[in-house]
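Input: a single structure, listed below in structure tokens.
The values are calculated or read from the model by the stated rules, or taken from the named source; none is laboratory data. Since the model is a prediction, treat every value here as computed from it, not as a measurement. Note: ideal-geometry Cβ built from the backbone for every residue, glycine included; neighbour counts use all protein chains shown. Each accessible area value is taken on the protein alone, full model and side chains, heavy atoms only, with ligands, DNA and RNA left out. Shrake-Rupley method; radii C 1.70, N 1.55, O 1.52, S 1.80 Å.
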Amino acid sequence: MIRILAFLLAALLASEARAQERFITLSSTTSTQDSGLFDHILPRFRAASGIDVHVVAVGTGQALAIGARGDADALLVHDRAGEDKFVADGFGIDRRDVMYNDFVIVGPKSDPAGIRGLNSAREALGRILNVTAALDAYTLTDRATWANFKNRQNLEILTEGDAALFNPYGSILVNPAKWPQVKAADARIWHEWLTTRAGLDAITSYRIAGEQLFFPPRVAAVH
């Protein structure tokens, strides 16, 4: 009987602890998850706030759809037109720039298309279309995916730095006026942390093999 009572008491305490756990649900993209960025920044946010962030990592379109259903508290995505529409349609509020990474063109070290060092993606892609049939191929990839890609064989970065290749991310709060069940207060704490100095420092300190993958917003000031 004592063992049964002890077990029931432990179960009750565990249930209460779970009920008291503070967390928000963040709908985001596979690139931020797969890059390892969240593993780097979320423990820092939890240490600062006591709030856990449960990430649902999907494609950007799906991430926006999850937010539109009220099934997340905040979003971190990279589709500016979709983000603006999400806010305009009343699903989200206070969209802010967070960071950007970029796409790079990788190809064989021999570089048969002669694109090495170009900073114009348009010119590089124009040259590549003339040699694709040779099958010593080129591809476009985001920098974080490339940093995590192990089977590089003869491939290396040949073209980078064109503004057309920049990939900005935005943070949006799901609108509590539309979805009263969202954890608006704790989501706001995350939003403020992510888009001010503490969050930016956490983001820009993330490296793979010494290479920085995510960078500060290019226009909006971080205060």
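Across every direction, the projection of the convex hull enclosing the Cα atoms of the stretch 41-86 has a mean area of 3.6 nm².
Go through Leu37, Leu155 and list them by solvent-accessible area, largest first, probe radius 1.4 Å.
On the way: Leu37 0, Leu155 50 Å².
Highest to lowest solvent-accessible surface, that is Leu155, Leu37.
Close amide H pairs (under 5 Å, H built 1.01 Å from N) link Met99 with Tyr169, residues at least 5 positions away or on another chain. The stretch 27-42 to the stretch 155-184: how many Å between their Cα centroids? So the two Cα centres are separated by 12 Å. With the whole protein complex present, Thr195 retains an accessible surface near 10 Å², based on a 1.4 Å probe. Placing +1 on the Cβ of every Lys and Arg and -1 on the Cβ of every Asp and Glu, with no other charges, gives the stretch 48-134 a dipole of roughly 480 debye about its Cα centre.
For the chain, what is the Kirkwood estimate of the hydrodynamic radius, computed as the reciprocal of the mean inverse distance between distinct Cα atoms, to one decimal in Å? Spell out each step's value before the answer.
On the way: mean 1/r = 0.0510 Å⁻¹.
Averaging 1/r across every pair of different Cα atoms and inverting gives 19.6 Å.
Residues in the chain average 52 Å² of solvent-accessible surface per residue, probe 1.4 Å, ligands and nucleic acids excluded. About its Cα centre, the chain has a charge dipole of approximately 300 debye under the convention of +1 per Lys or Arg Cβ and -1 per Asp or Glu Cβ, with nothing else charged. Seen through its C-alpha gyration tensor, with square-root eigenvalues sorted a ≥ b ≥ c, the stretch 159-198 comes out oblate because a/c lies at 1.5 or above while a/b is not bigger than b/c. When the charge dipole of the stretch 55-130 is built from unit charges on Cβ atoms (+1 for Lys and Arg, -1 for Asp and Glu) and taken about the Cα centre, the candidate among Met99, Ala63, Phe86 whose Cα reaches farthest toward its positive end is Met99.
In the chain, helical runs assigned H by DSSP with n ≥ 4 each contribute -39500 (n - 2.57); averaged across all residues and rounded to the nearest 500, the mean residue ellipticity at 222 nm is -11500 deg cm²/dmol.
Exactly which trypsin sites (Lys or Arg not before Pro) in the stretch 114-198 are in a DSSP loop and have at most 12 other Cβ atoms within 10 Å?
Working: sites: Arg116, Arg122, Arg127, Arg143, Lys150, Arg152, Lys178, Lys183, Arg188, Arg197; in loops: Arg116, Lys150, Arg152, Lys178, Lys183.
For trypsin sites (Lys or Arg not before Pro) across the stretch 114-198 that sit outside H, G, I, E and B with at most 12 neighbouring Cβ atoms in 10 Å, the list reads Lys150, Arg152.
Considering only beta bridges that DSSP places wholly inside the chain, some 70 percent are antiparallel.
Mind checking Rg over Rh on the stretch 86-184, alpha carbons, Kirkwood formula for Rh? Present the calculation step by step, with values, prior to reporting the outcome.
On the way: Rg = 19.2 Å, Rh = 16.0 Å.
Result for the stretch 86-184 is an Rg/Rh of 1.20.
Per the 1.4 Å probe, what fraction of the accessible area of the chain, in percent, lies on carbon and sulfur atoms? Ligands and nucleic acids excluded, carbon and sulfur give 57 percent. Relative contact order for the chain: 25 percent, from Cα pairs under 8 Å spaced at least 6 residues apart, divided by residue count. Between Ala184, Ala68, Ala47, the GNM of the chain built on Cα springs shorter than 10 angstrom shows Ala47 fluctuating the most.
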